[in-house]
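Below you'll find the structure, written out as structure tokens, and then a few comments.
The values are calculated or read from the model by the stated rules, or taken from the named source; none is laboratory data. Just so it is clear, the structure is predicted and the values come from calculations on it, not from any experiment. All Cβ positions, even for glycine, are placed from backbone atoms using ideal geometry, and neighbour counts span all protein chains on display. Side chains included, ligands, DNA and RNA excluded: accessible areas come from the protein's heavy atoms. Shrake-Rupley method; radii C 1.70, N 1.55, O 1.52, S 1.80 Å.
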Amino acid sequence: MNAKALIFDLDGVIVDTAKYHFLAWKSLADELGLFFDENVNERLKGVSRMRSFEIILEVNDASERFGEEEKQRLIARKNDLYVEYISRLTPSDVLDGIRELTDAARERGLKTAVASVSKNAPAVLSALKMREKFDYVADAAKVSRSKPDPEIFLVCAEALGVEPQCCVGIEDSQAGIEAIKAAGMRAVGINVAVTSVEPDIVLSSTAELDLDKITA
Ligand code: B16
Ligand code: MG
């Protein structure tokens, strides 16, 4: 493979914010008397805020329980809880191997981008002091389709000026792996609970990321 770019997911790859999304959804679900556990949470990874809430409602046969305005109010509450958690992030929360990988990529002339559908991504990257490590960060507000649609990965490739087949995408979610493969890129999966599409390279943690291995 002639790799020219690395495209990183944020939540669960650069930092373990996936656990904060879980805790925030869990509080909201408990308040509303809705069932929510780690298995349901797995389906929310890489999925937009509203779609995540709709999945929780579907699992509970409660899709019709709230009107549009009420749903907006409830997901805003979930986000307030999430923002409270991420306000405590510091540079020491960057997952093992990520800084080393971005440095090695830059040294070797590879471009780097972040493909996160989280509207909180800029705040998270700035708390981690990681924004300057990437050539491009996708704007979640301008991406109309959540993963597993390939849109966000294709937007990153285009912004970097690199053909999708020369990009390596790194993800922790099944929806994200599907999005990378649908974009025509090589997929590296970090601890992915695989249900359909297999990543090209399977790793159990970010500490195993190695530039030679993932671009070979
Ligand atoms: P927000 P990623 C995704 O980020 C998360 O995996 C997903 O759980 C979350 O619902 C989504 O961002 C939206 O996040 O509510 O902060 O806008 O994995 O694409 O980095
Ligand atoms: Mg993720």
The chain - percent of accessible surface contributed by carbon and sulfur, probe 1.4 Å: 47
Just to be sure I understand the model, the point goes 7 Å from the Cα along the line to the Cβ. What's the resulting ALA76 to ASP37 distance in nm? 3.3
Using a cut-off of under 15 Å, list every residue of the stretch 127-141 whose amide N is near the label point 7 Å from the Cα of ARG51 along the Cα-to-beta-carbon line. 140-141
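How large is the translational diffusion coefficient of the chain in µm² per second when you combine the Kirkwood radius over alpha carbon pairs with Stokes-Einstein at 25 °C and 0.890 mPa s? Show your work: numbers first, answer last.
Working: Rh = 17.5 Å.
The estimated diffusion coefficient comes to 140 µm²/s.
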Show ASP93, ASP80 ordered by accessible area, largest first, where the area counts protein heavy atoms only and the probe is 1.4 Å. ASP80, ASP93
In Å², what does the accessible area per residue of the stretch 64-165 work out to with a 1.4 Å probe? 54
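Label the stretch 95-196 by shape, choosing from rounded, prolate and oblate, from the square roots a ≥ b ≥ c of the eigenvalues of the Cα gyration tensor; if a/c is under 1.5 it is rounded, and otherwise prolate applies when a/b is larger than b/c, oblate when it is not. Kindly include the intermediate steps, with their values, before the conclusion.
On the way: a/c = 1.29, a/b = 1.22, b/c = 1.05.
Rounded shape, in that the Cα axes give a/c under 1.5.
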At most 11 other Cβ within 10 Å, DSSP loop - GluC sites (Glu not before Pro), the stretch 44-135: GLU64
Under the rule rounded for a/c under 1.5, else prolate if a/b exceeds b/c, else oblate, using alpha carbon gyration tensor axes a ≥ b ≥ c, the stretch 18-86 is classed as oblate
Give, rounded to the nearest 20 debye, the magnitude of the charge dipole that the chain has about its Cα centre when Lys and Arg contribute +1 at Cβ and Asp and Glu contribute -1 at Cβ. 520
Too long for a 31 Å Cα-Cα cut-off, among LYS142/LYS213; LYS45/LYS129; LYS26/LYS142; LYS119/LYS181; LYS26/LYS213; LYS78/LYS142, are LYS142/LYS213; LYS26/LYS213
